[in-house]
Each structure stands twice: as C-alpha cells, then as structure tokens.
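K.L.:
Here you go, one structure.
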Amino acid sequence: MGSERMEMRKRQMSVQQESVAGTTAPAQNEQPGQGNRGSNACCFCWCCCCSCSCLTVRNEDRDERNRRASYDFKAEGNADFEESTKPTAEEVCLWGQSFDKLMQCPAGRSAFRQFLRTEFSEENMLFWLACEEFSKETNKSLIEEKARIIYEDYISILSPKEVSLDSRVREVINRNMLEPTSHTFDDAQLQIFTLMQRDSYPRFMNSSVYKSLLKTVSEQSVET
C-alpha cells in the first residue's frame, strides 16, 4: 500500500509539473512577442520622428526655393517685360552711338540680352540686372538674403551661371559679404558692364540681330 501511494504521488507531481510547464511555456513564448511589439513601437516612434524631421527639411527647402524663385523673377522679370516693348527707329539708331545708350533703353537691354543668349553669355546681363535691383534695396535683412542669393547664383565657382571676375574683385566681394550692403557688388557690376561693352557690344552691332531689327523699325517708320 505504501509503495502504491508513493507511486500515485509521483504520478500526480509529474502531471502537475507538466501542467505548470504547459502554462508557463506560452507566457515565455509571449515575451519575445511583447519585446517585438516594444521594439516595433520604438521603431515606429523613430520612423515618425524621422519623417517629421524630413518633412520639416523639405518644407524649409521649398520655402527657400520659393524665395529664390521670387527674387529670380524680379531680377530676370525686368528683362522679360522689356522683350514686350517695341523700340522706335530713333532708339535703335541711338544704340549704335554708345553702349551706355543701349543699356539705358529697356528695349535695348532686351535685344542685347537675346543676342547674349546666342553667345551663351546671358548670365552677364542677368547679373547686371540683379545688381541694379539689389542696389535699390534698403531693408537690411533683405539685403543680406539677396546678397547671398546673388553670390550663389553668379559669384560662386560652383554655379553654372558664374560670371567672369578677376581675383581682386572676388576678394572685395568676399570681404563685403561679411557684412553685406547695397554696394556689395558695385565693383563686380562695373567689371561685367565693361566686359560686355568691350567684347559683346561690338559683335552685337555687327550681328544680324541688330541689323534686322534696325531694318524692320526703319521700314515701319517710313510706312507710318
């Protein structure tokens, strides 16, 4: 009898141990799942934060592009508007007298810009126009922003629209950029003006663009 009781107790204990093992095993199996959920939650939070940061950067880039596009429109829009003006025969004749008279006339600047485009040097006129617009700015914060944009667009060696300036003028601009004013690019604007006057202007006067325009306005003047 004693041995039978001992045997029954052993069986009961064995059954209890198996039942306990059976109940604890799922709990142990669930722990990795819980850990994964925690990890996933952390990953989810990290991804959300990363997404928010990326969104913020994209918004800032978009705002910067909008500001640049707005300023580029002002700098280049003058020339685009000038293309719609029709010069008189007298004005076209005056262009041949001096480069100053050509640049003083909106229609003259427009025709000259079209010619520069054929010579792949339109950036000289765009830079000159940007400097003209910039020199009229009086707001200090806008002066700093516009000076940076002009520098990146026309002075930086990384820009596809970089204008040709000597080392002395570049050094002056770099010093001026430490505390920009409306006169930051005066020396550079003058040098580009001189470059266009010496190199591009004579070719423009002998070009088919100018001769054709002069013929057209002269004929229209006779008809009227």
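The values are calculated or read from the model by the stated rules, or taken from the named source; none is laboratory data. Quick caveat, the model's predicted, so the values are computed rather than measured. Here the Cβ positions follow ideal geometry from the backbone for every residue, glycine too, while neighbour counts run over all protein chains shown. Ligands, DNA and RNA are stripped out before the accessible areas are found, and what is left, the full protein with its side chains, is counted by its heavy atoms. Shrake-Rupley method; radii C 1.70, N 1.55, O 1.52, S 1.80 Å.
K.L.:
Out of the stretch 111-165, which residues are of a type in the set (S, T, Y), surrounded by fewer than 19 Cβ atoms within 10 Å (Cβ to Cβ) and assigned to a helix (DSSP H, G or I)?
P.N.:
Within the stretch 111-165, T118, S141 meet the criteria.
K.L.:
Among the candidates K140, K146, single out the residue that is out of contact with any helix residue (DSSP H, G or I) (no Cβ under 9 Å at 6 or more places or on another chain), more than 30 Å from M205 (Cβ to Cβ) and either of a type in the set (K, R) or in contact (Cβ under 8 Å) with a residue 40 or more places away in the chain (or both). Give the derivation first.
P.N.:
Working: K146 fails: out of contact with any helix residue (DSSP H, G or I) (no Cβ under 9 Å at 6 or more places or on another chain).
Unique residue meeting the criteria: K140.
K.L.:
Among the residues of the stretch 93-110, what is the count of those that are touching a Ser or Thr at 6+ places or on another chain (Cβ under 8 Å) and either open to solvent by less than 50 Å² (accessible area, probe 1.4 Å) or of a type in the set (D, E) (or both)? Lay out the reasoning, then the answer.
P.N.:
Of the residues in the stretch 93-110, the ones touching a Ser or Thr at 6+ places or on another chain (Cβ under 8 Å) are 106-107, 110.
Those left that are additionally either open to solvent by less than 50 Å² (accessible area, probe 1.4 Å) or of a type in the set (D, E) (or both): 107, 110.
Within the stretch 93-110, residues that are touching a Ser or Thr at 6+ places or on another chain (Cβ under 8 Å) and either open to solvent by less than 50 Å² (accessible area, probe 1.4 Å) or of a type in the set (D, E) (or both) number 2.
K.L.:
Just the residues that are surrounded by fewer than 17 Cβ atoms within 10 Å (Cβ to Cβ) and without any contact (Cβ under 8 Å) to a residue 40 or more places away in the chain, please, taken from the stretch 173-186.
P.N.:
Matches in the stretch 173-186: N174, R175, M177, L178, E179, T181.
K.L.:
Right, next: Restricting the search to the stretch 111-123, which residues are over 24 Å from the mean Cα position of the chain (by Cα) and of a type in the set (S, T, Y)?
P.N.:
T118
K.L.:
From the set of residues in the stretch 81-110 that are assigned to a helix (DSSP H, G or I) and polar (S, T, N, Q), which is nearest to the chain's Cα centre (by Cα)?
P.N.:
Residue satisfying both the conditions and the ranking: S110.
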